[in-house]
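Computed from the coordinates by the stated procedures, all read-outs in this text should not be read as laboratory data. All values derive from a computational prediction rather than experimental measurement. Heads up, the Cβs are rebuilt from the backbone with ideal geometry, glycines too, and the neighbour counts pull from every protein chain shown.
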Amino acid sequence: MRIAVAGKGGVGKTSLAGLMTLILSERSPPVLAIDADANSNLGEKLGLDAATDMAAAMEGLRKGPEGVPKHDLLRQRARHAVAEGDGHDLMAMGRPHGEGCYCFANNVLKDVIGALAESYRHVVIDNEAGMEHLSRRTVEGVDLLVLVSDPSPVGMRSAARIRDLADEVGIGARRVTLLVNSCTPDSREGARRHAEAAGFRNYSFIPYDPRLDVLNMEGKPLRGLERSEAYAAVERFCERLILRGS
Ligand SMILES: Nc1ncnc2c1ncn2[C@@H]1O[C@H](COP(=O)(O)OP(=O)(O)O)[C@@H](O)[C@H]1O
Ligand SMILES: [Mg+2]
């Protein structure tokens with residue numbers, strides 16, 4: 001299943017994409033995690049370090065060696081850009097360099113990522129807040145769009161805007177769901193109201209978890225959280241929306 005995680009900055013997209021990748025790689029490997037946020041650190045959450053990224057692999061593609069088809073060249077480079085883990089691999093998109101139209105580059109990239117994704121049971125894409133990759137459609141065929149919000153009305157409205165943008169640009173996600181992250185028992189009722197007001201019918205809560213926050217602050221992989229409430233909530237989410245349906 002192809003799962004795209006999106007939402008405004010700082011709501012927990014990378015943390016939740018990381019946890020989903022780790023849980024899915026235990027339960028239903030292999031998983032490809034795509035870091036589509038140039039400012040992000042999905043690799044850090046997974047304990048993986050990609051040697052290069054797709055933007056670097058694209059550099060100079062137009063001027064590549066004569067006679068070698070661009071797709072083949074990029075496919076080779078893409079393989080090199082994948083960091084291998086235990087049950088899951090990581091590919092970072094990086095930031096495209098230079099100005100101008102990326103149509104050519106995007107189309108090649110889309111094909112290459114599509115071909116690469118074929119060899120994984122699940123693909124988890126951590127998007128940047130600006131939705132660049134979704135709106136440039138470098139990643140297609142999303143089965144589940146996971147919008148992440150904090151419990152605030154502002155977060156919910158951002159999530160609703162992204163939901164509507166995804167609909168407009170036609171990424172064609174088969175299902176859309178909301179994860180209300182960093183919930184405390186006190187914020188749940190309000191969060192429920194705000195989610196409903198923003199037009200969400202399908203949402204789940206992920207509790208605030210100080211241990212997760214400490215690991216993030218120390219720049220450590222999200223390991224050893226198996227008994228934490230947030231981990232358990234993400235696991236239930238994966239069971240209900242990803243594992244049961246695939
Ligand atoms: N469930 C949670 N419990 C506690 N802290 C969290 C939780 N989810 C995210 N955080 C914290 O929120 C901050 C932003 O998380 P991050 O995953 O980087 O968000 P994003 O990718 O949306 O910018 C980090 O400091 C992280 O530790
Ligand atoms: Mg992030």
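From the set of residues in the stretch 21-37 that are closer than 16 Å to I113 by Cβ and surrounded by fewer than 24 Cβ atoms within 10 Å (Cβ to Cβ), which is farthest from the chain's Cα centre (by Cα)? For the stretch 21-37, the residue satisfying everything is P30.
Would you pick out the residues in the stretch 188-207 that are surrounded by 18 or more Cβ atoms within 10 Å (Cβ to Cβ) and in a loop (DSSP other than H, G, I, E, B)? Within the stretch 188-207, A198, F200 meet the criteria. In the stretch 215-223, is there at least one residue being buried (at least 19 other Cβ atoms within 10 Å of the Cβ), away from ligand 2 (no atom under 16 Å from the Cβ) and among the acidic types (D, E)? The answer is no, given that none of the residues of the stretch 215-223 is buried (at least 19 other Cβ atoms within 10 Å of the Cβ), away from ligand 2 (no atom under 16 Å from the Cβ) and among the acidic types (D, E). Contact map, the stretch 172-185: residues that are under 17 Å from F200 (Cα atoms) and part of a loop (DSSP other than H, G, I, E, B) paired with residues that are away from ligand 1 (no atom under 16 Å from the Cβ) and among the small types (G, A, S), Cβ distance under 7 Å, separation 6+ or inter-chain. Pairs shown: A173/A166. The set of residues from the stretch 18-53 being more than 14 Å from G85 (Cα to Cα), part of a helix (DSSP H, G or I) and either touching a Ser or Thr at 6+ places or on another chain (Cβ under 9 Å) or charged (D, E, K, R) (or both) comprises just one member, R27.
Pairs are defined by a Cβ separation below 7 Å, a sequence spacing of at least 6 or placement on different chains, a first member in the stretch 4-26 that is free of Cβ contacts under 8 Å to residues at least 40 places away in the same chain, and a second member that is within 9 Å of ligand 1 (Cβ to nearest atom); no pair meets this definition. Answer yes or no: is there a residue in the stretch 164-175 that is within 16 Å of ligand 2 (Cβ to nearest atom), within 17 Å of the chain's Cα centre (by Cα), over 23 Å from P210 (Cβ atoms) and of a type outside the set (D, E). No, that holds for no residue. Restricted to the stretch 5-20, and to residues there that are within 9 Å of V146 (Cβ to Cβ) and under 9 Å from the mean Cα position of the chain (by Cα), the residue that is nearest to ligand 1 (Cβ to nearest atom) is K13. Restricting the first member to the stretch 219-246 and to residues that are farther than 13 Å from L19 by Cβ, and the second to residues that are in a loop (DSSP other than H, G, I, E, B), the beta-carbon pairs closer than 8 Å and six or more apart or on different chains are G219/N41; L243/S28; G245/M1; S246/M1; S246/S28; S246/R121.
Considering only residues that are assigned to a loop (DSSP other than H, G, I, E, B) and either among the charged types (D, E, K, R) or away from ligand 1 (no atom under 16 Å from the Cβ) (or both), which ones fall in the stretch 208-217? Within the stretch 208-217, just D209 meets the criteria.
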